[in-house]
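Below is one structure, written out as structure tokens; comments come after it.
The values are calculated or read from the model by the stated rules, or taken from the named source; none is laboratory data. Quick caveat: nothing in here was measured; it's all calculated off a predicted structure. Note that each Cβ is placed from the backbone with ideal geometry, even for glycine, and that neighbours are counted across all protein chains shown.
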């Protein structure tokens, strides 16, 4: 049994944290703006701390971070790097900008703390089932140390090289995922306006090259009048696409595609739907 700290128990973090408890580890969590998931994980056996400083006497072996963006991760890391000891390992699930994980690692490295980036593919359901896909950036040594903990929440994980390579790989995957999600939204909304049978359209789409996990997530729920199948918010989509545009600035055609998709999600944010899931935007004017 290890002492594990977790910062960022939200839609994704909750599932990962739940699996840490299933593996019999002692889990310490800190409150965030969404008490719903903190209360749930506390009821399942986690121990809540009220400040970063309270982690100091918990003898943490591992710290998980699963936060919204690079600036928040760096802010937290400045605090936690002074609290953790050199035997600790940080596993960072945050989706960073193209240099964010490198900058975050440097904060911990200055205090001789080991760091691994592992942004993930999959959603909250896969997180709870422990079958996410891990995209790892780490030194070979740190990767080997992290592997037993990656297996807690990942069905498969891939070591892309040193820290920074995971972030780039994750952003390219999100470029594909968010572009696909936007197209599915446009398709569903147009089909409904054109009076097409959504079930038949979905059955046809599954037969072609446009079939995807995202298509299934959206339509399997949509056909039951449930618009929450793709559990990723418009606001987070904009954030990721800003990161993606920066990554692709030397690839103008790809960057232009990212810009078009960003404008779609940005309009949703501007219209007051920033906290809505992607698939819920189908039902918005």
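Of all residues in the range 41-62, those that are within 22 Å of residue 115 (Cβ to Cβ), in a loop (DSSP other than H, G, I, E, B) and in contact with a helix residue (DSSP H, G or I) (Cβ under 7 Å, 6 or more places away or on another chain) total 0. Within the set 40, 33, the sole residue that is out of contact with any strand residue (DSSP E or B) (no Cβ under 6 Å at 6 or more places or on another chain), exposed (fewer than 14 other Cβ atoms within 10 Å of the Cβ) and either outside the structural domain of residue 232 (by TED's automatic domain parsing) or closer than 28 Å to residue 243 by Cβ (or both) turns out to be 33.
The requirement of being assigned by TED's automatic domain parsing to the domain that holds residue 94, surrounded by fewer than 16 Cβ atoms within 10 Å (Cβ to Cβ), at pLDDT below 95 and closer than 24 Å to residue 278 by Cα is not satisfied by residue 213. Restricting the range 221-242 to residues that are over 14 Å from the mean Cα position of the chain (by Cα) and surrounded by 21 or more Cβ atoms within 10 Å (Cβ to Cβ), the residue that is farthest from residue 270 (Cα to Cα) is 222.
Taking the criterion of being assigned to a helix (DSSP H, G or I) and farther than 22 Å from residue 217 by Cβ, the residues of the range 268-285 that qualify are 270, 271, 272. Of all residues in the range 112-122, those satisfying the criterion of being farther than 13 Å from residue 95 by Cα and touching a helix residue (DSSP H, G or I) at 6+ places or on another chain (Cβ under 7 Å) are 114, 115.
Selection within the range 63-88: residues that are in contact with a helix residue (DSSP H, G or I) (Cβ under 7 Å, 6 or more places away or on another chain) and under 14 Å from residue 112 (Cα atoms). The member of this set that is surrounded by the fewest Cβ atoms within 10 Å (Cβ to Cβ) is 78. Name the one entry in 90, 67, 136, 116 that is assigned to a strand (DSSP E or B), touching a residue at least 24 places away in the same chain (Cβ under 8 Å) and closer than 30 Å to residue 228 by Cβ. The unique qualifying residue is 136.
Filtering the range 72-87 down to residues that are out of contact with any strand residue (DSSP E or B) (no Cβ under 7 Å at 6 or more places or on another chain) and assigned to a helix (DSSP H, G or I), which residue is nearest to residue 55 (Cα to Cα)? Ranking the qualifying residues of the range 72-87, first place goes to 79.
For the range 50-62, filtered to residues that are more than 23 Å from the chain's Cα centre (by Cα) and over 18 Å from residue 87 (Cβ atoms), the residue that is surrounded by the fewest Cβ atoms within 10 Å (Cβ to Cβ) is 50.
Can you tell me which of 102, 145 is assigned to a helix (DSSP H, G or I), surrounded by fewer than 21 Cβ atoms within 10 Å (Cβ to Cβ), over 18 Å from the mean Cα position of the chain (by Cα) and in the same structural domain as residue 16 (by TED's automatic domain parsing)?
Details: 102 fails: over 18 Å from the mean Cα position of the chain (by Cα).
Answer to the selection: 145.
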